[in-house]
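Remarks on the structure that follows.
The values are calculated or read from the model by the stated rules, or taken from the named source; none is laboratory data. Predicted model only: the values in this text are computed from it and were never measured. Please note: Cβ atoms are built from the backbone with ideal geometry, for glycine as well, and neighbour counts cover all protein chains shown.
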There are 2 protein chains.
Amino acid sequence: MKKGRQVTMKEIAKKLGVSVSTVSRALQDSPELHAETKRKIVEAAKEMNYRPNLLAQSLRISRSKTLGVIVPEITSHFFASCISGIQDVANTRGYNVMICQSNELLSQEKANIQTLVSSQVDGLLISLSRETNTYEHLYELYDREINFLLFDRVQEDIPVSKVTFNDVSGAYQVVKHLLENGSRRIVYVSGPEDLYISKKRKEGYLRALSEFGVAEDPSLVLVTDLTLEGNLQVAQHILAIDPRPEAVFCMIDPVAVDVLTEWKKSGIRIPEDIALAGFTDNPTAAVVEPPLTTVSQPGYDMGKLAVSHLLDQLDGLASEDPISIVLDTTLVVRKSSQHFSSKK
Amino acid sequence: MKKGRQVTMKEIAKKLGVSVSTVSRALQDSPELHAETKRKIVEAAKEMNYRPNLLAQSLRISRSKTLGVIVPEITSHFFASCISGIQDVANTRGYNVMICQSNELLSQEKANIQTLVSSQVDGLLISLSRETNTYEHLYELYDREINFLLFDRVQEDIPVSKVTFNDVSGAYQVVKHLLENGSRRIVYVSGPEDLYISKKRKEGYLRALSEFGVAEDPSLVLVTDLTLEGNLQVAQHILAIDPRPEAVFCMIDPVAVDVLTEWKKSGIRIPEDIALAGFTDNPTAAVVEPPLTTVSQPGYDMGKLAVSHLLDQLDGLASEDPISIVLDTTLVVRKSSQHFSSKK
DNA sequence: CACTACCTTGCAATCGTCTGCAATTACGAA
DNA sequence: TTCGTAATTGCAGACGATTGCAAGGTAGTG
């Protein structure tokens, strides 16, 4: 393959013996052109298979009609769903999307931001990496007056719009469900403690406990680093707790799945011996045996909402004042939590 | 947020009382500049937080250093893995990536191509949609001398490089495994028949059968449209076949998972009553009960290889003649296929 | 002192598109 | 016939960065 030269306005102009400006106006269907001229130009353009050079257009109007997205991992089903929602809305509103993944690394997150800013994206949608515990790079974006918004993995202090799930209420719902089914000694398996969702979900967990008059027991709050080894270690640790807890709520589904798999190997029956619940409603949650009770958070909708708001801001349809959009989650009850016969 | 104006070379030039060309040369570390001038400019650029405008650079050099990727669905774990591999390699080689999804629609695929071409991507990596049965849009790319490559979902006649898995051999391996475990009446559940992978995997299925002296039985080759309903229908249909087949090989894991779920509801035991195997090794395959025997195809590696080859072509490191890269798959034996005690 | 040669730097054109303004033409009206 | 006005079209500069060429300056040499 050789250099695939694109047809430009200049070539159309030369072929028809008119100026480039005339061609430009014709293709914009400008009313000040003679109808016949316009027709000829449009026809020639179609025939020559002309496509506007978006790069040149963007440079001219100082808007690239492109958005940047940074997620921790594309291979996570949840983030893939978000991206899908973002794409669908962005495309119908005439925007392209450039996607980057931070691989849960702060350094990569910073690099991605640099790249996207250099690429002149009109706005950024960012979900923070697990490692992100400093925020200068975000404040810098803010100072440079670059439009961006945080979703799912947010940092609350930064004065930009945020789209999150109601993590507190989601966790509250699922823990309440466990309590209603008779459990009292309930373990919370947290991810790294400075993670936004770790904190929020713990808050919901504690709220449900206190509502049922159950005192917080610090020995029932465990932390995993979210690696397979970490998860398995937690699984074993739980079995060693005496007396054995009646239920376990894991901060995210993958942890619950690892725990479940490990327990089955040890001959533990779920939910008979111990109830289990997760959060996110990953595809795996529905197909493990027993199916996993969890909290569903529609990533596709989150993506759609996030990008809609950002585009509204860009297009001047929404105020530039930061707002916080909080989406509701839904409790999905499956077999893994049916511990005692419920009191319904 | 107001319009986030970027610092340009012009501003640096004005501030230091030099010309824009001097600034440009300084930032390129050109040797023909006075060292002191260069130092001052570089310093000012850093202080003013200058970032080159990639749009302008791209326009100037007629290379955007951006690649386009089109996949049927981002939310598919396999394609997400491919994208991840593509990104990692592209980024380390100084390229950005724009991702589009066709949502399995031909019209969307065409639209995506238009967008990416207008965006002046330097090359395209395409995995065809399920619906794609005409190929003019690809031949047009070819005629316009735009660099592109097909991966996974390919069309064999188009004279461009292709990266695929050895679907024939993968299917052969898994069916051979079923045969070795004693099964003889083996069902093949195919997707739409004009799909590349449908055909190739059937080829492997037939080859294994014939090697074991088993005659092809057309009534054991079923087709699903890959929707949930279609899959369930196939699941029921299989149970109604008399005498009941001993094993079933589904073209892709999601079909196998649907079939498995449906059968469990009907009280069928797997693998005791009937053996089951899939293809792809989705995350779900490992966690269903019983765990699903399948064929693993590393999407991440495919993405890496595909983009490496395309970039090699772009950078003149590889011949422009189309080549075909075929990756090997690996049989992953799990419980779902352990039907009869094997003859090992 | 004059001339050459090199070292630095700036000018101007370019990439493809858009647009304010000027220029040309034609037409009708007085 | 002459002027005004509207209808068309082109010129040129801009967006931001790059680069061949030329110009300015300095220093060195005879």
>> What are the pairs with Cβ atoms under 9 angstrom where one residue, in the range A:26-37, is under 21 Å from A:PRO52 (Cα atoms) and more than 14 Å from every other protein chain (Cβ to nearest Cβ) and the other, located anywhere, is more than 9 Å from DNA strand C (Cβ to nearest atom) and of a type in the set (Ser, Thr, Tyr)? Sequence gap at least six, or different chains.
In response: A:ALA26/A:THR37
>> For the list (1) at the interface with chain B (Cβ under 10 Å from one of its Cβ atoms); (2) at negative phi; (3) at pLDDT below 95, I need the number of the one condition that A:GLU47 fails.
In response: (1)
> Within the range B:320-334, how many residues are in contact with a Phe, Trp or Tyr (Cβ under 8 Å, 6 or more places away or on another chain), assigned to a loop (DSSP other than H, G, I, E, B) and not hydroxyl-bearing (Ser, Thr, Tyr)?
Replying inline: 1
>> Can you find a residue that is more than 9 Å from chain A (Cβ to nearest Cβ) and closer than 26 Å to A:LYS110 by Cβ anywhere in the range B:72-81?
In response: no
> When you look at A:THR66, is it of a type in the set (S, T, N, Q), within 14 Å of another protein chain (Cβ to nearest Cβ) and in contact with a helix residue (DSSP H, G or I) (Cβ under 9 Å, 6 or more places away or on another chain), yes or no?
Replying inline: yes
> Here are some conditions: (1) closer than 19 Å to B:HIS77 by Cβ; (2) within 14 Å of another protein chain (Cβ to nearest Cβ). B:TRP263 meets all but one. Which one does it not meet?
Replying inline: (1)
>> Checking A:MET9 against (1) more than 14 Å from every other protein chain (Cβ to nearest Cβ); (2) modelled with pLDDT of 90 or more; (3) within 11 Å of DNA strand D (Cβ to nearest atom): exactly one of these is not met. Which one?
In response: (1)
>> Can you say whether A:ILE86 is within 11 Å of another protein chain (Cβ to nearest Cβ) and either of a type in the set (Val, Ile, Thr) or exposed (fewer than 15 other Cβ atoms within 10 Å of the Cβ) (or both), as far as the supplied structure shows?
In response: yes
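Yes or no, residue by residue, for (1) in contact (Cβ under 8 Å) with a residue 40 or more places away in the chain; (2) under 20 Å from A:LEU226 (Cβ atoms):
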position: A:ASP143; (1), (2): no, no
position: A:ILE158; (1), (2): no, no
position: A:ASP167; (1), (2): yes, yes
position: A:SER183; (1), (2): yes, no
position: A:VAL187; (1), (2): yes, yes
>> Please pick out the residue among A:GLY204, A:GLY213 that is of a type outside the set (A, V, I, L, M, F, W, C), without any contact (Cβ under 8 Å) to a residue 40 or more places away in the chain and surrounded by 20 or more Cβ atoms within 10 Å (Cβ to Cβ).
In response: A:GLY204
> Looking at the range B:59-101, which of its residues are within 16 Å of DNA strand C (Cβ to nearest atom), touching a Leu at 6+ places or on another chain (Cβ under 8 Å) and in contact (Cβ under 8 Å) with a residue 12 or more places away in the chain?
Replying inline: B:SER64, B:LYS65
> Do the conditions hold for A:GLU262, that is, is it touching a Leu at 6+ places or on another chain (Cβ under 6 Å) and either of a type outside the set (Val, Ile, Thr) or at pLDDT 95 or above (or both)?
Replying inline: yes
>> Just to verify a result, which residue in the range B:1-58, among those that are among the hydroxyl-bearing types (Ser, Thr, Tyr) and within 12 Å of DNA strand C (Cβ to nearest atom), is farthest from the chain's Cα centre (by Cα)?
In response: B:THR37
>> Can you tell me which of (1) in contact with a helix residue (DSSP H, G or I) (Cβ under 8 Å, 6 or more places away or on another chain); (2) under 25 Å from A:SER76 (Cβ atoms); (3) surrounded by 22 or more Cβ atoms within 10 Å (Cβ to Cβ) is the one B:SER81 doesn't meet?
In response: (3)
> Could we say that B:SER64 is surrounded by fewer than 22 Cβ atoms within 10 Å (Cβ to Cβ) and either of a type outside the set (Val, Ile, Thr) or not assigned by TED's automatic domain parsing to the domain that holds B:LEU141 (or both) here?
Replying inline: no
> Here is a list of conditions, (1) more than 23 Å from A:ARG201 (Cα to Cα); (2) within 14 Å of chain B (Cβ to nearest Cβ); (3) at pLDDT 95 or above, and A:SER308 meets all of them except one; can you say which number that is?
Replying inline: (2)
